[in-house]
1. Among the numbered criteria (1) at pLDDT below 95; (2) within 23 Å of ALA126 (Cβ to Cβ); (3) outside any loop (DSSP other than H, G, I, E, B), which single criterion is violated by PHE26?
2. Mind checking which pairs have a first residue in region 164-176 that is under 23 Å from TYR121 (Cβ atoms) and a second that is aromatic (Phe, Trp, Tyr) and open to solvent by 30 Å² or more (accessible area, probe 1.4 Å), Cβ under 8 Å, 6 or more apart or different chains?
3. Starting from region 181-201, keep only residues that are more than 30 Å from ARG99 (Cα to Cα), then list their pairs with residues that are open to solvent by 80 Å² or more (accessible area, probe 1.4 Å) whose Cβ atoms are within a distance under 8 Å, requiring at least 6 positions of separation or different chains.
4. Residue under question is SER98, and the condition is that it be open to solvent by less than 60 Å² (accessible area, probe 1.4 Å), without any contact (Cβ under 8 Å) to a residue 24 or more places away in the chain, over 25 Å from LYS177 (Cα atoms) and not hydrophobic (A, V, I, L, M, F, W, C); does it hold?
5. Collect the residues in region 146-160 that are closer than 21 Å to THR129 by Cα and surrounded by 14 or more Cβ atoms within 10 Å (Cβ to Cβ), keeping them in residue-number order.
6. In region 167-188, what residues are within 25 Å of HIS56 (Cα to Cα) and assigned to a loop (DSSP other than H, G, I, E, B)?
7. Anything in region 36-60 that is surrounded by fewer than 17 Cβ atoms within 10 Å (Cβ to Cβ) and of a type in the set (A, V, I, L, M)? List them, or say none.
8. Among the candidates PHE139, PHE191, PHE164, PHE203, which residue alone is in a strand (DSSP E or B) and over 22 Å from THR54 (Cα atoms)?
Amino acid sequence: MIQPLILLAVLLVGSLLHAAEPNVRFLAERVPKELGSVSMFAEEARSEPFSLPTNHLSQAQPAPGRRFVLRPEGKEMTVAKVALPEDGKSFIVLLLPSRKAGYETVVIRDDAPNFRPGDVYVHNNASKTVLGYVGSTKFTIAPAQGKSIRPEGARDEGFYDVGFGVREKAGDRALSKTRWPVEEQIRSYVFFFMNPETQRVDFRAVDEFVAPEKPGA
(Lines give C-alpha, C1' and ligand atoms only; values in the text may rest on other atoms or scores of the structure.)
Protein backbone atom coordinates (compact mmCIF):
# COMPACT_ATOMS: atom_id res chain seq x y z
CA MET A 1 0.00 0.00 0.00
CA ILE A 2 2.97 2.28 0.63
CA GLN A 3 4.25 2.22 -2.97
CA PRO A 4 0.96 3.46 -4.52
CA LEU A 5 0.86 6.28 -1.98
CA ILE A 6 4.43 7.27 -2.82
CA LEU A 7 3.61 7.21 -6.54
CA LEU A 8 0.52 9.37 -5.95
CA ALA A 9 2.58 11.86 -3.95
CA VAL A 10 5.19 12.08 -6.73
CA LEU A 11 2.49 12.68 -9.33
CA LEU A 12 0.85 15.38 -7.23
CA VAL A 13 4.16 17.18 -6.66
CA GLY A 14 4.96 16.99 -10.37
CA SER A 15 1.53 18.35 -11.23
CA LEU A 16 1.93 21.26 -8.80
CA LEU A 17 5.38 22.11 -10.14
CA HIS A 18 4.08 22.07 -13.70
CA ALA A 19 1.15 24.31 -12.73
CA ALA A 20 3.59 26.76 -11.13
CA GLU A 21 5.55 27.18 -14.36
CA PRO A 22 4.96 30.64 -15.85
CA ASN A 23 3.59 30.90 -19.36
CA VAL A 24 5.40 32.99 -21.96
CA ARG A 25 4.58 34.39 -25.39
CA PHE A 26 7.05 35.95 -27.80
CA LEU A 27 7.00 38.81 -30.30
CA ALA A 28 10.10 39.80 -32.29
CA GLU A 29 10.75 43.16 -33.91
CA ARG A 30 12.28 41.25 -36.83
CA VAL A 31 13.81 37.84 -37.44
CA PRO A 32 16.81 37.03 -39.65
CA LYS A 33 15.96 34.57 -42.43
CA GLU A 34 18.75 32.24 -41.36
CA LEU A 35 17.63 31.98 -37.72
CA GLY A 36 15.09 29.18 -38.14
CA SER A 37 13.33 27.62 -35.15
CA VAL A 38 14.44 28.23 -31.57
CA SER A 39 13.97 26.46 -28.22
CA MET A 40 13.97 27.60 -24.60
CA PHE A 41 16.73 26.10 -22.44
CA ALA A 42 17.13 26.16 -18.64
CA GLU A 43 19.74 23.74 -17.26
CA GLU A 44 18.54 20.28 -18.37
CA ALA A 45 15.07 21.43 -19.39
CA ARG A 46 14.19 22.55 -22.90
CA SER A 47 11.06 23.36 -24.86
CA GLU A 48 9.93 22.04 -28.20
CA PRO A 49 11.27 24.14 -31.11
CA PHE A 50 9.10 27.00 -32.35
CA SER A 51 9.29 29.94 -34.75
CA LEU A 52 9.54 33.52 -33.55
CA PRO A 53 6.60 35.59 -34.90
CA THR A 54 6.85 39.21 -36.01
CA ASN A 55 3.22 40.02 -36.91
CA HIS A 56 1.46 38.40 -33.95
CA LEU A 57 2.25 36.99 -30.52
CA SER A 58 3.23 33.35 -30.29
CA GLN A 59 1.08 30.77 -28.57
CA ALA A 60 1.50 30.65 -24.79
CA GLN A 61 3.78 27.87 -23.58
CA PRO A 62 5.32 26.96 -20.21
CA ALA A 63 8.75 28.41 -19.58
CA PRO A 64 11.41 25.91 -18.44
CA GLY A 65 12.27 28.27 -15.56
CA ARG A 66 12.24 31.89 -14.47
CA ARG A 67 15.60 32.25 -16.21
CA PHE A 68 16.26 30.67 -19.58
CA VAL A 69 17.94 31.24 -22.93
CA LEU A 70 16.82 30.94 -26.54
CA ARG A 71 18.97 28.86 -28.86
CA PRO A 72 18.50 28.12 -32.57
CA GLU A 73 17.63 24.54 -33.39
CA GLY A 74 20.77 22.43 -33.83
CA LYS A 75 23.15 25.18 -32.68
CA GLU A 76 24.91 25.84 -29.36
CA MET A 77 24.77 29.63 -29.69
CA THR A 78 22.49 31.74 -27.46
CA VAL A 79 20.44 34.44 -29.21
CA ALA A 80 18.60 35.80 -26.14
CA LYS A 81 18.66 35.61 -22.36
CA VAL A 82 15.33 35.94 -20.54
CA ALA A 83 14.78 36.67 -16.84
CA LEU A 84 11.15 36.59 -15.71
CA PRO A 85 10.10 38.49 -12.55
CA GLU A 86 9.20 36.42 -9.52
CA ASP A 87 5.69 37.88 -9.47
CA GLY A 88 3.28 36.88 -12.20
CA LYS A 89 2.28 33.73 -14.05
CA SER A 90 1.94 35.02 -17.61
CA PHE A 91 4.48 37.08 -19.54
CA ILE A 92 5.10 38.60 -22.95
CA VAL A 93 8.73 38.69 -24.12
CA LEU A 94 9.59 41.30 -26.75
CA LEU A 95 12.73 40.48 -28.71
CA LEU A 96 14.66 43.51 -29.97
CA PRO A 97 17.69 43.09 -32.27
CA SER A 98 20.87 43.94 -30.37
CA ARG A 99 23.52 46.19 -31.86
CA LYS A 100 26.05 43.46 -30.98
CA ALA A 101 24.37 40.14 -31.79
CA GLY A 102 21.18 38.31 -31.00
CA TYR A 103 18.34 39.98 -29.11
CA GLU A 104 17.79 42.24 -26.16
CA THR A 105 14.65 41.28 -24.26
CA VAL A 106 11.82 43.27 -22.73
CA VAL A 107 9.56 41.31 -20.38
CA ILE A 108 6.00 42.51 -19.85
CA ARG A 109 3.81 40.96 -17.20
CA ASP A 110 0.72 39.91 -19.14
CA ASP A 111 -1.42 39.54 -16.01
CA ALA A 112 -0.48 42.92 -14.49
CA PRO A 113 -3.53 45.03 -13.59
CA ASN A 114 -1.97 48.14 -15.19
CA PHE A 115 -1.56 46.53 -18.63
CA ARG A 116 -5.10 46.29 -19.92
CA PRO A 117 -6.98 45.79 -23.18
CA GLY A 118 -6.89 49.06 -25.11
CA ASP A 119 -3.37 49.93 -23.95
CA VAL A 120 -0.41 50.53 -26.26
CA TYR A 121 3.13 49.48 -25.37
CA VAL A 122 5.74 51.59 -27.18
CA HIS A 123 9.43 50.67 -27.28
CA ASN A 124 12.20 52.76 -28.80
CA ASN A 125 14.99 50.59 -30.18
CA ALA A 126 16.28 53.43 -32.36
CA SER A 127 19.23 55.72 -31.64
CA LYS A 128 17.10 58.89 -31.45
CA THR A 129 14.27 60.05 -29.19
CA VAL A 130 10.81 59.35 -30.56
CA LEU A 131 7.54 61.05 -29.73
CA GLY A 132 3.90 60.91 -30.66
CA TYR A 133 0.30 60.78 -29.58
CA VAL A 134 -2.63 58.36 -29.58
CA GLY A 135 -5.74 60.48 -29.23
CA SER A 136 -4.95 63.05 -26.55
CA THR A 137 -2.33 60.83 -24.88
CA LYS A 138 1.18 62.02 -25.74
CA PHE A 139 4.53 60.29 -25.23
CA THR A 140 8.24 60.99 -25.58
CA ILE A 141 10.61 58.04 -25.29
CA ALA A 142 14.40 58.07 -25.22
CA PRO A 143 16.50 55.38 -26.95
CA ALA A 144 16.45 51.92 -25.32
CA GLN A 145 13.34 52.82 -23.31
CA GLY A 146 9.71 51.72 -23.45
CA LYS A 147 6.41 52.43 -21.75
CA SER A 148 2.75 51.48 -21.76
CA ILE A 149 0.26 54.24 -22.52
CA ARG A 150 -3.50 54.45 -22.09
CA PRO A 151 -5.10 56.19 -25.10
CA GLU A 152 -7.72 58.84 -24.36
CA GLY A 153 -9.54 61.49 -26.33
CA ALA A 154 -11.22 59.34 -28.98
CA ARG A 155 -13.32 61.18 -31.54
CA ASP A 156 -17.09 60.76 -31.57
CA GLU A 157 -16.75 58.81 -34.81
CA GLY A 158 -14.98 56.02 -32.91
CA PHE A 159 -11.30 56.52 -33.74
CA TYR A 160 -8.11 58.05 -32.36
CA ASP A 161 -5.91 60.52 -34.21
CA VAL A 162 -2.43 58.95 -34.13
CA GLY A 163 0.89 60.59 -34.94
CA PHE A 164 4.51 59.43 -34.60
CA GLY A 165 7.72 61.41 -35.01
CA VAL A 166 11.44 61.49 -34.30
CA ARG A 167 13.53 64.19 -32.64
CA GLU A 168 16.26 65.40 -34.99
CA LYS A 169 18.91 68.08 -34.48
CA ALA A 170 17.03 70.32 -36.90
CA GLY A 171 13.73 69.73 -35.07
CA ASP A 172 10.99 67.14 -34.72
CA ARG A 173 10.28 65.22 -37.94
CA ALA A 174 6.92 63.53 -38.52
CA LEU A 175 6.95 59.84 -39.40
CA SER A 176 3.25 59.10 -39.71
CA LYS A 177 -0.22 60.51 -39.15
CA THR A 178 -3.17 58.16 -39.26
CA ARG A 179 -6.32 57.05 -37.43
CA TRP A 180 -6.84 53.99 -35.27
CA PRO A 181 -10.33 52.65 -34.53
CA VAL A 182 -11.30 52.35 -30.88
CA GLU A 183 -11.02 48.63 -30.09
CA GLU A 184 -11.69 47.87 -26.44
CA GLN A 185 -10.27 44.33 -26.63
CA ILE A 186 -7.12 45.16 -28.61
CA ARG A 187 -3.67 45.80 -27.16
CA SER A 188 -1.01 47.19 -29.47
CA TYR A 189 2.78 47.02 -29.52
CA VAL A 190 4.72 49.69 -31.41
CA PHE A 191 8.41 49.16 -32.25
CA PHE A 192 10.61 52.10 -33.25
CA PHE A 193 13.90 51.03 -34.82
CA MET A 194 16.63 51.99 -37.27
CA ASN A 195 15.61 50.68 -40.68
CA PRO A 196 18.63 48.67 -41.89
CA GLU A 197 17.96 49.64 -45.52
CA THR A 198 17.33 53.37 -45.16
CA GLN A 199 19.31 53.92 -41.93
CA ARG A 200 16.45 56.12 -40.73
CA VAL A 201 14.05 55.73 -37.82
CA ASP A 202 11.05 53.59 -38.74
CA PHE A 203 8.25 51.92 -36.80
CA ARG A 204 5.98 48.90 -36.87
CA ALA A 205 2.78 48.16 -34.94
CA VAL A 206 1.36 44.76 -33.96
CA ASP A 207 -2.13 44.23 -32.51
CA GLU A 208 -3.23 41.58 -30.04
CA PHE A 209 -6.80 40.55 -29.31
CA VAL A 210 -7.45 40.12 -25.58
CA ALA A 211 -10.43 37.91 -24.83
CA PRO A 212 -12.95 39.47 -22.40
CA GLU A 213 -12.85 38.14 -18.88
CA LYS A 214 -15.56 35.65 -18.04
CA PRO A 215 -18.06 36.83 -15.39
CA GLY A 216 -16.89 35.77 -11.96
CA ALA A 217 -13.37 35.00 -13.13
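The values are calculated or read from the model by the stated rules, or taken from the named source; none is laboratory data. In this text, all values refer to a predicted model and were calculated from it rather than measured experimentally. Virtual Cβ from ideal backbone geometry, glycine too; neighbours counted across all protein chains shown. When the accessible area is computed, the model is the full protein with side chains, heavy atoms only, and any ligands, DNA or RNA have been set aside. Shrake-Rupley method; radii C 1.70, N 1.55, O 1.52, S 1.80 Å.
1. Answer for PHE26: the failing condition is (1).
2. Within 8 Å, the pairs are PHE164/PHE203; LEU175/PHE203; SER176/PHE203.
3. GLU183/ASP207; GLN185/PHE209; GLN185/PRO212; ILE186/ASP207; ILE186/PHE209
4. Details: open to solvent by less than 60 Å² (accessible area, probe 1.4 Å): yes; without any contact (Cβ under 8 Å) to a residue 24 or more places away in the chain: yes; over 25 Å from LYS177 (Cα atoms): yes; not hydrophobic (A, V, I, L, M, F, W, C): yes.
Yes; evaluated as a whole, the condition is true for this residue.
5. GLY146, SER148, ILE149, PRO151
6. Looking only at region 167-188, we keep the residues that are within 25 Å of HIS56 (Cα to Cα), and these are 175-188.
VAL182, GLU183, GLU184, GLN185 - these are the residues of region 167-188 that are within 25 Å of HIS56 (Cα to Cα) and assigned to a loop (DSSP other than H, G, I, E, B).
7. ALA42, ALA45, ALA60 - these are the residues of region 36-60 that are surrounded by fewer than 17 Cβ atoms within 10 Å (Cβ to Cβ) and of a type in the set (A, V, I, L, M).
8. Details: PHE191 fails: over 22 Å from THR54 (Cα atoms); PHE164 fails: over 22 Å from THR54 (Cα atoms); PHE203 fails: over 22 Å from THR54 (Cα atoms).
Every option except PHE139 fails the conditions.
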